[in-house]
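Reading through the structure tokens given below for one structure.
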């Protein structure tokens, strides 16, 4: 609806239809599922979808029991909620897995740069760190000699591996995407990504394209 | 001395190598043949075979990877680490001929992980070792893939017997993908309650019986 | 990703039904549906088609490609070519399973169709394994995978990605210059 603004204010598409909104949510869901690192949060999309569902549920309260129309609407809402929950959950899973690095990245963020975490996720990440530290302390570290009681979470918890491979589908044509750097026995290896084509390649090289929406992971 | 409660063991080649990874911990306990290049004063009690106060220079002894890595320095000769047999030229030739005939579990079980770790110790053979373990992986890959994709719901212990730990992890991953698909195809793909929930229910039930 | 989640995505595909009831346009969040008139074909997403079918409110019209002759042609093509041939639906496997399991009475020669689709799937999966093996063998860093479907990718996803990651770690051992940067990652 008209109060749902697109998340990119620099593009000329200020208003998106509810149908487009659902497509964007599903894309965010799959991108988050398949990317090795936590992506920028899409809270505008989440909030708009929640609003849509809220409106719909309000209307449905007036529907009679056994109304086939209301039934169809409820089924649709259930499906959207599934995607929404799965999306948010996959973000929480990544936060639990990479919390020290995610918090570190937040700390070094320049003023004005967008945050990767929503306010709620940020609270969750900080609490998760505090709980893990106090747990480690209680069960193990406090029984160690004093000089060994410190533990650096940034070193103990592995970083997301950006060199992992991903499958992707191209939404906007891209030229000269670097596949491998120049080495002694090989020249620089670049490819063009045609619109609609599918590829298997390293995440690190195409991470900016996922962020900009030029490709989607699959 | 470092004030951290652990010596980080930089990665092997496992999927999730890290400080808390059991495979990485076990890998760091693999024993390596070493030769002391300097006297270890007052550590004689560690060497059961002699009753001297110090461990003299030139002593040959086995050390776990994590100790050897901690003591090893390129500039100051503290100890020399020998390449375990399986990475030496003789075995490299065997792997080169047909990597599939080797029982990597018996020879490993951390053939790839330990091999990668050995590269931390200076040796003119390092480039050959690195090349050999890469080629071994590539040479054995087809068999691991095929066996993991053709063994739905059957006993797989014979298939994985001769695989290194890393290969076993890959085999399991291949099986998981296949099994998930076949369960879906047969129509049993309903989401199941996690073990945690099931155990919790059992416990509740047990409590009620008291 | 669980195969049931891939099936969930497939359920968004549109399919033609012939309803036996009448209903005005339904304004769903994801787009408008209907109006529904008895005997008049109308397009709806598969999830709705299956629900209406289960409640005996419609007959499902199978997609054009779900036809013995057409599938035989696709099967021959698939066996002949080394690459993945274009497939009529990116969800051919899921739709076949869903429609045959829940609306077999609306689909002529259902059993033959099931076998044909399974043949096509098996041929494609065998090709996929061949290409995975040569990908690892050549130590490739990029592959174009047009026409491969999500369910096909999904069946070997973790195995393939883990294998590639291992191969690349072992390969960085051989190139010490890049290995130096890499170890800093941890």
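The values are calculated or read from the model by the stated rules, or taken from the named source; none is laboratory data. Note that the coordinates shown come from a computational prediction; the quantities given were computed from them, not determined experimentally. Don't worry about glycine lacking a Cβ; one is built from the backbone with ideal geometry, like all the others, and counts go over all protein chains shown.
What are the residues in the range C:134-149 that are surrounded by fewer than 16 Cβ atoms within 10 Å (Cβ to Cβ) and within 7 Å of another protein chain (Cβ to nearest Cβ), if any?
Going through the range C:134-149, the residues surrounded by fewer than 16 Cβ atoms within 10 Å (Cβ to Cβ) turn out to be C:134, C:137-139, C:144, C:146-147.
Passing the criteria: C:137, C:144, C:146.
Screening residue C:79 with (1) in a helix (DSSP H, G or I); (2) more than 26 Å from residue C:13 (Cα to Cα); (3) within 13 Å of chain B (Cβ to nearest Cβ) gives one miss only, at (3). Restricting B:110, B:200 to residues that are closer than 30 Å to residue B:77 by Cβ and either surrounded by 11 or more Cβ atoms within 10 Å (Cβ to Cβ) or at pLDDT 90 or above (or both) narrows the list to B:110.
Figure legend. Inter-residue proximity from the range A:201-216: first residues within 11 Å of residue A:174 (Cβ to Cβ), second residues in a helix (DSSP H, G or I), beta-carbon distance below 9 Å, spacing 6+ or different chains. Indicated pairs: A:214/A:206; A:214/A:208; A:215/A:206; A:215/A:209. Of all the residues in the range C:44-63, those that are more than 18 Å from residue A:77 (Cβ to Cβ), in a strand (DSSP E or B) and within 14 Å of chain A (Cβ to nearest Cβ) number 1. Scanning the range C:1-43 for residues that are more than 8 Å from every other protein chain (Cβ to nearest Cβ), surrounded by 17 or more Cβ atoms within 10 Å (Cβ to Cβ) and free of Cβ contacts under 8 Å to residues at least 24 places away in the same chain yields a total of 2.
Scanning the range A:182-204 for residues that are loosely packed, with under 11 Cβ neighbours inside 10 Å and closer than 22 Å to residue C:168 by Cβ turns up A:182, A:184, A:185, A:186, A:187. Looking at the range C:151-173 only, could you name the residues that are surrounded by fewer than 22 Cβ atoms within 10 Å (Cβ to Cβ), facing chain B (nearest Cβ under 7 Å) and more than 23 Å from residue B:127 (Cβ to Cβ)? Selection gives C:157, C:158, C:162. Would you call residue B:70 assigned by TED's automatic domain parsing to the domain that holds residue B:30, touching a residue at least 60 places away in the same chain (Cβ under 8 Å) and surrounded by fewer than 16 Cβ atoms within 10 Å (Cβ to Cβ)? Spelling it out, residue B:70 is indeed assigned by TED's automatic domain parsing to the domain that holds residue B:30, touching a residue at least 60 places away in the same chain (Cβ under 8 Å) and surrounded by fewer than 16 Cβ atoms within 10 Å (Cβ to Cβ).
Residues checked against (1) surrounded by 15 or more Cβ atoms within 10 Å (Cβ to Cβ); (2) under 30 Å from residue C:53 (Cα atoms):
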{"residue": "A:82", "(1), (2)": "no, yes"}
{"residue": "A:86", "(1), (2)": "yes, yes"}
{"residue": "A:107", "(1), (2)": "no, no"}
{"residue": "A:118", "(1), (2)": "yes, no"}
{"residue": "A:122", "(1), (2)": "yes, no"}
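Residues of the range A:140-189 that are assigned by TED's automatic domain parsing to the domain that holds residue A:39 and more than 31 Å from the chain's Cα centre (by Cα): A:140, A:141, A:142, A:143, A:144, A:145, A:146, A:147, A:148, A:149, A:150.
Among the residues making up the range B:124-133, those that are buried (at least 21 other Cβ atoms within 10 Å of the Cβ) and within 9 Å of chain C (Cβ to nearest Cβ) are B:129, B:130, B:133.
So, residue B:57, is that one more than 27 Å from the chain's Cα centre (by Cα) and not assigned by TED's automatic domain parsing to the domain that holds residue B:118 or not? Outline the logic, then answer.
On the way: more than 27 Å from the chain's Cα centre (by Cα): yes; not assigned by TED's automatic domain parsing to the domain that holds residue B:118: yes.
Yes, satisfied.
No other residue among A:175, A:188 is more than 10 Å from every other protein chain (Cβ to nearest Cβ) and in contact with a strand residue (DSSP E or B) (Cβ under 6 Å, 6 or more places away or on another chain) apart from A:175.
Is one or more of the residues making up the range A:133-149 within 19 Å of residue A:32 (Cβ to Cβ), part of a helix (DSSP H, G or I), more than 14 Å from chain B (Cβ to nearest Cβ) and free of Cβ contacts under 8 Å to residues at least 24 places away in the same chain? Scanning the range A:133-149, I find no residue that is within 19 Å of residue A:32 (Cβ to Cβ), part of a helix (DSSP H, G or I), more than 14 Å from chain B (Cβ to nearest Cβ) and free of Cβ contacts under 8 Å to residues at least 24 places away in the same chain, so the answer is no. Looking at A:162, A:148, just one residue is surrounded by fewer than 17 Cβ atoms within 10 Å (Cβ to Cβ) and at pLDDT below 90, and that residue is A:148.
Among B:146, B:155, B:128, B:103, which is within 30 Å of residue C:124 (Cβ to Cβ) and at pLDDT 85 or above?
Just one listed residue meets the conditions, B:146.
Answer yes or no as to whether residue A:85 is modelled with pLDDT of 90 or more, part of a helix (DSSP H, G or I) and under 27 Å from residue A:36 (Cβ atoms). Answer is yes for this residue. Of the residues contained in the range A:59-81, one or more are found to be in contact with a helix residue (DSSP H, G or I) (Cβ under 7 Å, 6 or more places away or on another chain) and not in a helix (DSSP H, G or I). Quick one: what pairs do we get from the range B:90-101, first residue over 17 Å from residue B:130 (Cβ atoms), second part of a helix (DSSP H, G or I) and modelled with pLDDT of 90 or more, C-beta under 8 Å, 6+ apart or different chains? The qualifying pairs are B:98/B:139; B:100/B:139; B:100/B:140; B:100/B:143; B:101/B:94.
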